[in-house]
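The values are calculated or read from the model by the stated rules, or taken from the named source; none is laboratory data. Here the structure is a predicted model, which means the values were calculated and not measured. With ideal geometry, Cβ positions are generated from the backbone for all residues, glycine too; neighbour counts draw on all protein chains shown.
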């Protein structure tokens, strides 16, 4: 399977990962919760989730590391793909449309569905669990036995052609940590 990881460094606008000793460095949601950095891959590393490679956020701990979706257009390595895979979390079970931009100007919409990050909630849309930490960080403490997940979601590319970009929904409940395009001719 051919894959191309997207470089999100210029797009990240939210901090969802923090060091346990500095939990006030983030603000994934309205309560300023964050995932503990010591239980996630190192910043800037390439990781495989379910056989799909991803570029984990390259930000230093406490710096923006995910995209809070506000309609950002994400350039992709132009290619013919079958799927877009995302490492994502949502502040509640959320589904919204993304736009796939093709060479020549065609645009097709597909659903992005992301289950809740809230601890102990199961996948509602068939996502694969990418990561689950054993605690959630609050601004003044760590809440142990709360196990928030980050999901590996996928968006089908049902119309053949060269895909050049993805526009995320304007939905701040969805947070994207990494994107990889996969499939198509090798």
So residue 70, is it touching a strand residue (DSSP E or B) at 6+ places or on another chain (Cβ under 9 Å) and surrounded by fewer than 15 Cβ atoms within 10 Å (Cβ to Cβ): no
Residues being exposed (fewer than 15 other Cβ atoms within 10 Å of the Cβ) and touching a strand residue (DSSP E or B) at 6+ places or on another chain (Cβ under 6 Å) - total across segment 24-63: 2
Residue 99 being in contact with a strand residue (DSSP E or B) (Cβ under 9 Å, 6 or more places away or on another chain), surrounded by 15 or more Cβ atoms within 10 Å (Cβ to Cβ) and in a loop (DSSP other than H, G, I, E, B): no
Test: residue in segment 143-158 that is over 16 Å from the mean Cα position of the chain (by Cα), touching a residue at least 40 places away in the same chain (Cβ under 8 Å) and surrounded by 20 or more Cβ atoms within 10 Å (Cβ to Cβ): yes
Some residue of segment 113-121 being at pLDDT 95 or above and surrounded by fewer than 20 Cβ atoms within 10 Å (Cβ to Cβ): no
Any strands (runs of 3 or more DSSP E) falling wholly within segment 1-94 and containing at least 3 residues that are closer than 20 Å to residue 116 by Cβ: 83-90
The lone exception for residue 147 - which of (1) farther than 19 Å from residue 17 by Cβ; (2) assigned to a loop (DSSP other than H, G, I, E, B) it fails: (1)
Where residue 177 falls short, out of the listed (1) surrounded by fewer than 18 Cβ atoms within 10 Å (Cβ to Cβ); (2) within 16 Å of the chain's Cα centre (by Cα); (3) part of a strand (DSSP E or B): (1)
